[in-house]
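Bear in mind these aren't lab numbers, they're just calculated from the coordinates by the rules spelled out. For clarity, every value in this text was computed on a predicted model and none was experimentally measured. In this analysis, Cβ positions are derived from the backbone assuming ideal geometry, glycine residues included, and neighbour counts consider all displayed protein chains.
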Amino acid sequence: MNIALIQQALSYLIFSAIGAFVWAPLLTKILYKYKITRRDEFDFTLKGSERNKKVGTPIMGGLLVIITVTVLTILFNWNRENTYVPIGVMGIAALLGATDDLLNIFGKKRRERKISHVLNLIKVHKKWYMRLWYILILPWEGFRRFAAILGSHPGRGIQVHEKLFFQFLAGAVTAWWIYFKLGIQWHSLWVPFDGQPFVGWWIIPIVIFFVMFTANAVNFADGLDGLAGGSLVITFLGLMIISWTEGRASFTLLNATVVGALIAYTYFNVKPARFQMGDVGSLGLGALLAINAIAINRTMLIPFVGFIFYVEIISVIIQVFCRRLLGRRFFKMAPIHHHFEFRGWSEEKIVMRFWLIHAFFVIVAIWMSLYK
Amino acid sequence: MKLSPTALKTIHDYLNLPFIGIPGVWCPYFNNARLGQRGQLKVLIGKGTPEEIVEEAKIISIQYRANIFDKNGVFSAHVDHPAEHEQVECIRQFLVDNNLGVDCSGFVTNVLQQHFQETKNINLARKFFVTSKKNFLRWIISRLRPVEQISVAVYANDKNTSIVNNLKTIQPGDLVVILKTGPNKNHNHILLIEDVEGNKIKYAHARTWSSEGKYGHGISQGTITITNPEKGLLEQVWEEKNKFGEENETYLEAKQAETLEIRRIKF
């Protein structure tokens, strides 16, 4: 075991945590100053009497982690081969999330257009080039409509189809990096207890899928005070240990930096939250989680290191499936943490139980990762 | 002969939605035709059971902070509405404003589902012919969401029901099918025969009367007194909410209809 590496990683962790703690009040002040706070008119999540207290809480607190990690990595852990792309993709996803957060507060309500409307425009628009334009954008409009059916509320922010498009872009960048830049050994996929079967170019869709799925999964989990933050601390701690056992120095240090910043974030995010993560943090860190696992060739462990996030997103998929196809609710409300709130569980009880379950599965992931 | 106890209980539940501690909230009428929502929850397109309507009302109340119910589902607006009738009105207004209610075919289907399940162990919604396999997509949807696909037209289909010609032979579970009615002859309606006692036929249905405004509609019961069995249904005495003749809008709908039939389910 490389003790020097873990010593260095823990130093990064401590330094990152201290750094984040130091500038957290500044971030809070900025968020309050520019009124980047939670408002009830666009918030469609559970709104029981307990939740009224969350109105007015700053969002985009995830910036604390994103900025701390980016700055420290650029200063102390920057290398083209390892940290360049993870930080870049995290940046793309975080930018997407930040845009969504800001539009949700300051934007206008987005217009919904039905396919039949576009088809009508193709038929009746008086300008031929506009008719041609509507024909060209018809597949995109179809995708948009499909995404709108899957999502429940268009709101003001970035719409589902736009999010999926940019997340696909982030996934594609990661896949390009893995497939073309990291070498032939990354064309094999590590499978627990089953060696490393060669998958060739199939690694590209696999990577895109995991990046998109995981980013959204973390996004769904960001619904209760401390849930996403605490779970991410456990996840990145697990990834840090796995990277360390694999001897991947840059990723051990990167994960340690994330854990440090997340500790500071979660300190301020536990109930009653001083600020909330927002899409800027959840999408960015979700993408980083996937990339860091993929980059140490532990892609198949993502459902374990991100267990609670996957439970959350699968609950949403089941709910949408049942709602649209069978016309009934499977859960009282999705994501699943809201279901338990409806069952009368307190927020603290849900969060702590989810943390524990998540920690157990991260330990399982670490155990599995040791089998070559 | 009567409807089965669970079917009668379902009617009772529609007339007194099972909200904790608030009796007398009768289910409003809601028809999805105006909004045309697709792929929506069964309960939000006028096909829900009483339990589903109550559950959805609680979820919507908490989700959209209407403060009508607390998280245990108990009515929590007592202070604003101290009298019981005001509480009922408050809940009914909330239901109507949130498109929670049942349409005529949804009501009949949910009641008869219980009746056939209890008496013949038949899942009525699955047994009905909705469409042939030639229309594959619609057939698949009718398999996945059977109750939502059952309209008045399905009840009027000879594959599912047969016409009862003799008024003397009417029995509980029979249906009064009203096709192409209203001033524009563009909607259908259905009544469920709930009980027959001598010459009195008691029916229940989900309806909306223009005279009752935005919040007055819902599940209702009425009677048809057979005064002359040799004549048609319109020649008998219709009474609902103490209204007779054309004041009784159910009778008026039956009168305006292009087709008025009594039908019996074949299964």
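Using label points projected 7 Å from each Cα along Cα→Cβ, tell me how many nm separate B:S211 and B:D70, to one decimal.
Result: 4.2 nm between the two label points.
Name the shape class, rounded, prolate or oblate, that the alpha-carbon gyration tensor gives for the protein assembly as shown, where a ≥ b ≥ c are the square roots of its eigenvalues, rounded holds for a/c under 1.5, and otherwise prolate holds if a/b is larger than b/c and oblate otherwise.
Verdict is prolate for the protein assembly as shown.
Looking at B:S105, B:T250, B:P18, which one has the Cα that reaches farthest to the positive end of the dipole of chain B (charges on Cβ: Lys, Arg +1; Asp, Glu -1)?
B:S105
Taking 7 Å along the Cα-to-C-beta vector as the label spot, tell me the A:L75-A:M130 distance in nanometres, rounded to one decimal.
5.5 nm
With a Förster radius of 22 Å, plug the Cβ-Cβ distance of A:F106 and A:V55 into 1/(1 + (r/R0)^6) and report the FRET value to the nearest 0.05.
0.85
222 nm [θ] for the protein assembly as shown, helices only, -39500 (n - 2.57) per DSSP H run of 4+, per residue, to 500?
-16500 deg cm²/dmol
Could you check how many percent of all C-alpha pairs in the range B:1-159 are farther apart than 19 Å?
58 percent
Calculate, in whole percent, how much of the Cα-Cα pair population of chain A lies beyond 32 Å. Before the final figure, lay out the partial values.
Values: 22851 of 69006 pairs.
More than 32 Å apart: 33 percent of the Cα pairs in chain A.
From Cα pairs below 8 angstrom and at least 6 apart in sequence, can you work out the relative contact order of chain A, rounded to a whole percent?
26 percent
What number in nm² do you get for the range B:5-97 if you take the convex hull of its Cα atoms and divide its surface by four?
Mean projected area of the Cα convex hull: 6.4 nm².
Just want the ordering: A:M130, A:M90, from fewest to most Cβ atoms lying within 10 Å of their own Cβ.
A:M130, A:M90
Taking other Cβ within 10 Å of each residue's Cβ, how do A:I18, B:I22 sort, fewest first?
A:I18, B:I22
How much FRET efficiency would the formula 1/(1 + (r/R0)^6) give for B:A153 and A:K349, where r is the Cβ-Cβ distance and R0 is 30 Å, rounded to 0.05? Mind showing how you got there, number by number?
Numbers: r = 50 Å, r/R0 = 1.67.
Taking R0 as 30 Å, the efficiency between B:A153 and A:K349 is 0.05.
For B:K200, go through the lysines and keep the ones whose alpha-carbon is under 27 Å away, minus same-chain ones fewer than eight residues off.
B:K2, B:K9, B:K120, B:K168, B:K180, B:K231, B:K241, B:K243, B:K255, B:K266
Would you please report the Å³ per residue occupied by the convex hull of the alpha carbon atoms in chain B?
Convex hull volume per residue, Cα atoms: 139 Å³.
Which of these, B:P146, B:P23, B:P183, has the largest mean-square fluctuation under a Gaussian network model of chain B (Cα springs below 10 Å)?
Its mean-square fluctuation being the largest, the pick is B:P183.
Excluding residues on the same chain fewer than 8 positions from A:K372, give the lysines whose Cα lies under 25 Å from its Cα.
A:K181
So how tilted is helix B:50-63 from the main axis of chain B? Cα-based, degrees 0 to 90, rounded to 10.
It is inclined by approximately 30 degrees.
For the range A:189-310, report the convex hull volume of the alpha-carbon atoms normalised per residue, in Å³, without decimals.
Convex hull volume per residue, Cα atoms: 91 Å³.
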